[in-house]
Each structure stands twice: as structure tokens, then as C-alpha cells.
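Structure record follows, encoded as C-alpha cells.
The values are calculated or read from the model by the stated rules, or taken from the named source; none is laboratory data. Remember, it's a predicted structure, so these values are computed and weren't measured experimentally. For neighbour counting, all protein chains shown are included, and Cβ atoms are generated from backbone atoms with ideal geometry for every residue, glycine included. Calculation scope for accessible area: heavy atoms of the full protein, side chains included, ligands and nucleic acids excluded. Shrake-Rupley method; radii C 1.70, N 1.55, O 1.52, S 1.80 Å.
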Protein chains: 2
Amino acid sequence: MRETSSTPPEHVEIARPHRELLDQVLDKWSLQVLNELCERPSRFNELRRAIPAVTQKSLTATLRRLERNGIVERTVTSTRPVAVEYDITPLGKTLREPIDALLDWAHENMADIERARSRFNEEG
Amino acid sequence: MRETSSTPPEHVEIARPHRELLDQVLDKWSLQVLNELCERPSRFNELRRAIPAVTQKSLTATLRRLERNGIVERTVTSTRPVAVEYDITPLGKTLREPIDALLDWAHENMADIERARSRFNEEG
DNA sequence: CCGAATCCTTAGCGATACTG
DNA sequence: CAGTATCGCTAAGGATTCGG
């Protein structure tokens, strides 16, 4: 493919699998779940209490997605009643550094961002 | 606030403004737009061609959102017909480093991720 | 060329009820 | 306790059309 050079290579675009992966891992609730599990492994309802705004359905979906991608691990102990514990995997831990970089960025630049928003609203 | 200690401090959760900011800046199309504008300023239709999957509507919305947050700048030159150029701001440039860290993470760990997905699908 | 406006479809989410 | 199942809404997104 691309045997003609009519379209210049320009530069690499973001590969689709990479972007889809980040969509699955950086979505609304995943950041907060990871933030929790980086501190300590947690049970399902512990996570619900720690993230009050999430519904049971969304939390389940988020945990399944993270589990599917090897970011968190789900452990069932056959006690009575059953206990289910979620923990971050070694792979998941490697996500912490880039995510923290992002959170630091947000923290450092929030003032500038809000100034930009005010300007935009006034000029609009 | 927190005059009773019935709820232990545990640790800080992600502040809502920060999370909402990241939602606005890390969404489906913003990453690709930023990726383009980090290379060179671009006209509207240049961006459309560079990101074939984006619709005009979504690209407009993405650019407005980034502009509102001070990440990109929109310049109109009153030629005939009008030319509109989008460029990244200094603030936007500071986003590149943490985003690249994320993309590097995705690149480095994609193999592990796909192994985890296969395992998950087989066990499920 | 750069968009705004409209219509329409679909994915996502909350609410609720039920199971092992 | 830790989910699954179902329903109804609404909000995002695509396709298309129109305008400066």
C-alpha cells in the first residue's frame, strides 16, 4: 500500500489499537478506580463507597474492562458469603506513572485553564 | 468540615475539576488533533484529511473545546475566502509530554495487554 | 473554505428488581 | 455481599443540508 508518493508521509498518526486501549483505560471511572486500587486492594462495595458517584452497573463494567485488559485482578474467596477482592496487577502499576503525570499537569495548569475559559466566555 | 472522624481520611480522591478537564482534553479525537497540531499548525480541512475518521461536526466540537480550555488557538485571516488556522498554544505544548508518556506506555505494553485479553476471553 | 443547523440513530447510564 | 437482567431516557455522534 502507499506505492505512490502522492500523499506525503508527514508523520505517524496514533495507531488505532493504542487509542482504543487508552479509551478503555482512561475513561470517566477508570482513573478513579485505579486511584483507589493503587492505594490498597478493595472489595466491590468498598469501591462504591470510595467513589460515591458511580453506579453499581458502571462500576461493574469498569472493573470488567480493566480486568479484561490485565490492569486489575479479581479474586473470589469461597467464604460465606463470597468475598470478591480487586487488586491492581504489575501491569496496572506501570500505568500509574503516566497517569500521575497527567494529574500533575492538570493540577499545575488548572489556573491557566480557568483563565482561558473566562476569556473564551467573555469573547464569545 | 469533617469535624467528626467517623469517615477516615483514607487518601485524596481525584478532584472533580481535574477529572473533567482531562475528560475534555483526552477524549476520542483530541489526542489525534493535538498530535497533528504539535507537528504544525493546520487549516480545518487539513485536519479533516489528516484524521479521516472524524466528522466535520465532531472536529468542530473538539477544536472548540480545546480552544475554550486554552489548548489550541484559532486564527482567522480575512482573505477571500477566509482562511482559518489552528495552532497549539504554549499551554497546549505542556500537554505533549504527559500525553506522549501515555502513548509510550500503550506502545510498550500492547503485547502484554493483548495476551491478557486472550486469556480473559478463553477463561470467560 | 469553514462552519452552523437539522434530523436521526445508537451507545451509555440510572433506576429498579431479582439471584446465589 | 456481589453481582445479573431489564427498561427507559438522554446525550453523543454520524449523515446531510444550508450559509457567510
Could you grab me the full set of residues in the stretch B:49-96 that are touching a strand residue (DSSP E or B) at 6+ places or on another chain (Cβ under 7 Å), more than 16 Å from B:Asn35 (Cβ to Cβ) and of a type in the set (S, T, N, Q)?
B:Thr75, B:Thr77
Take B:Arg40 and tell me if it is closer than 27 Å to A:Glu114 by Cβ, in contact with a strand residue (DSSP E or B) (Cβ under 9 Å, 6 or more places away or on another chain), open to solvent by 50 Å² or more (accessible area, probe 1.4 Å) and within 11 Å of chain A (Cβ to nearest Cβ).
no
What do you reckon, is B:Asp100 open to solvent by 30 Å² or more (accessible area, probe 1.4 Å) and under 18 Å from A:Pro98 (Cβ atoms)?
yes
I'm checking my understanding of the structure. Among residues of the stretch B:80-95 that are under 24 Å from A:Leu103 (Cα atoms) and open to solvent by 80 Å² or more (accessible area, probe 1.4 Å), which one is nearest to the other protein chains (Cβ to nearest Cβ)?
B:Pro90
How about the stretch B:8-116: which helices (runs of 4 or more DSSP H) wholly inside it have at least 3 residues that are farther than 30 Å from A:Pro52 by Cβ?
B:30-39, B:44-50, B:56-68
What is the residue count in the stretch A:103-114 for residues that are at the interface with chain B (Cβ under 7 Å from one of its Cβ atoms) and open to solvent by 60 Å² or more (accessible area, probe 1.4 Å)?
2
Which numbered condition B:Lys57 fails, given (1) open to solvent by 60 Å² or more (accessible area, probe 1.4 Å); (2) within 14 Å of chain A (Cβ to nearest Cβ)
(2)
B:Ser118 vs. criteria more than 9 Å from chain A (Cβ to nearest Cβ), closer than 23 Å to A:Phe120 by Cβ and among the hydroxyl-bearing types (Ser, Thr, Tyr)
no
When both residues are 6+ apart or on different chains and their Cβ atoms are under 9 Å apart, which pairs have a first residue that lies in the stretch A:13-30 and is among the charged types (D, E, K, R), and a second that is more than 14 Å from DNA strand D (Cβ to nearest atom)?
A:Glu13/B:Asn35; A:Glu13/B:Glu36; A:Glu13/B:Ala50; A:Arg19/B:Leu103; A:Arg19/B:Ala106; A:Lys28/B:Arg19
When the residues of the stretch A:43-54 are narrowed to those that are open to solvent by less than 20 Å² (accessible area, probe 1.4 Å) and more than 9 Å from chain B (Cβ to nearest Cβ), which ends up nearest to A:Val82 (Cα to Cα)?
A:Leu47
Every residue in the stretch B:60-79 that is open to solvent by 70 Å² or more (accessible area, probe 1.4 Å) and more than 13 Å from every other protein chain (Cβ to nearest Cβ), please.
B:Ser78, B:Thr79
